[in-house]
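Remarks on the structure that follows.
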Amino acid sequence: MVNQRYARHIGIVQQLRSKSWISATALATRFDVSVRTIYRDIEELNTAGLPIESVAGREGGYRLSAESPVDPLIMDADDVLRLYVLGLIDNGDDAITDPGLLQAGGVSAYARDTLRKIGQRIYFDTRDWYWQDEGSGHVPAIRYALLTSTAIEITVRVKRSQAAETMTVKPYGLVWKGGEWWLVAAPTRGEPRRYRLNLIDRLSRTDLTFAHPGDAFDLREWWTQALEDYGRGSTRAALRVQASAREEMLRLGLKPDSEVHHEPDGSVRIILYVDNWQWLVPLVASFGADVAAEEPAELRQALRRHHQRALAVYEREDSTDTDPSYLHDDSRLRATRGRNPRSSR
């Protein structure tokens, strides 16, 4: 018996492939369902890893993102639809690399090899993250380099300065995280690193090919460990959190080596081990008097100066004081798993 929901999903994908923009109302009419059902379908397709753009308003609607990791020219559309019906698009299912199941599903040998590579080299991390929906325009070139094991030359901006670095790297994988693409690549001499695509100003293919490690490099495992290691260090920081901020602080998602000590008065004492205490300044300061740093002493002094500068703004309207650069970037996320406390999505 045909699964009507899957069949409708396939039909929606076909509609989005053939039109620039199509509204939820038009899709609802086409498939004889409610607009609310279409909203749910689009959400499920996004969760399954199909990047669908949306624009609100009478002239808006939905379309497949130009930053889609699977180029329709690389793979026959029928192969993609068969894979979706078989449930093989989900990265959490090892079936995407099972040649027997793919063959039984009628997927061609060429598409099976392509999907095996995609399963190894493109990962959708759907855990909480801060949302920055910024297209880079680099995905098609990286996708080609991934599937052909071709090195690329990239020029990367250093986030907290105007400097840029140009290097040749071997692309190992591409990760979608909360609306943003990350390139996982290894320098010609060195271990793999993460590069945010919207910080890559220039990207070009080279004539250099390399042997991709294949199954020896588990992209999902590497990415998960990289996030765990991000910002972790030997500097011990202790924070006293009042009961009024306890729930919000604990929702940040602390790293495994963090310590949480609950006090009788409802407050908690959180111990973090970070590589740089400066990145805790904007996090702690954002809670005002509800969170106070106990150690290290340098962190306490920096917070005191931060609050003094804030008070000076109200006392002196012509103040030209500038804050340290770390107050304006996302480095505070190093202290946690990367969830922005301002975002509930």
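The values are calculated or read from the model by the stated rules, or taken from the named source; none is laboratory data. The structure presented is a predicted model; accordingly, all values stated were derived computationally and were not measured. Please note: Cβ atoms are built from the backbone with ideal geometry, for glycine as well, and neighbour counts cover all protein chains shown. Surface accessibility is based on the protein's heavy atoms, side chains included, excluding ligands, DNA and RNA. Shrake-Rupley method; radii C 1.70, N 1.55, O 1.52, S 1.80 Å.
With respect to (1) in contact with a Lys or Arg (Cβ under 9 Å, 6 or more places away or on another chain); (2) at pLDDT 75 or above, the lone exception for residue 97 is condition (2). Tell me, which residue of segment 216-253 that is open to solvent by 30 Å² or more (accessible area, probe 1.4 Å) and touching a Ser or Thr at 6+ places or on another chain (Cβ under 6 Å) is farthest from residue 293 (Cα to Cα)? This residue is 243. Only one of the listed residues (269, 305, 334) is in a helix (DSSP H, G or I), at pLDDT 90 or above and either over 30 Å from residue 194 (Cα atoms) or within 24 Å of the chain's Cα centre (by Cα) (or both). That residue is 305. Figure legend. Inter-residue proximity from segment 279-300: first residues closer than 17 Å to residue 247 by Cα, second residues open to solvent by 10 Å² or more (accessible area, probe 1.4 Å) and in a loop (DSSP other than H, G, I, E, B), beta-carbon distance below 6 Å, spacing 6+ or different chains. Indicated pairs: 290/242.
Every condition in (1) modelled with pLDDT under 90; (2) open to solvent by less than 60 Å² (accessible area, probe 1.4 Å) is met by residue 317 except one, and the failing one is (2).
Condition check ((1) under 22 Å from residue 218 (Cβ atoms); (2) at pLDDT 75 or above; (3) in a helix (DSSP H, G or I); (4) open to solvent by 20 Å² or more (accessible area, probe 1.4 Å)) across all residues:
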site: 119; (1), (2), (3), (4): yes, no, yes, yes
site: 123; (1), (2), (3), (4): yes, no, no, yes
site: 130; (1), (2), (3), (4): no, no, no, no
site: 140; (1), (2), (3), (4): no, yes, yes, yes
site: 151; (1), (2), (3), (4): yes, yes, no, no
site: 159; (1), (2), (3), (4): no, no, no, yes
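Every condition in (1) open to solvent by 60 Å² or more (accessible area, probe 1.4 Å); (2) closer than 28 Å to residue 225 by Cβ holds for residue 283 except the one numbered (1).
When we screen 188, 206 for residues that are farther than 19 Å from residue 147 by Cβ, free of Cβ contacts under 8 Å to residues at least 60 places away in the same chain and of a type in the set (Ser, Thr, Tyr), the only hit is 188.
Within segment 16-39, the set of residues being farther than 19 Å from residue 53 by Cβ, at pLDDT 90 or above and of a type in the set (A, V, I, L, M, F, W, C) comprises just one member, 33.
If you go through segment 254-276 and pick out every residue that is open to solvent by 50 Å² or more (accessible area, probe 1.4 Å) and of a type outside the set (D, E, K, R), you end up with 6. If the condition is being in a strand (DSSP E or B), modelled with pLDDT of 90 or more and surrounded by 15 or more Cβ atoms within 10 Å (Cβ to Cβ), then segment 188-215 contributes 193, 194, 195, 200, 203.
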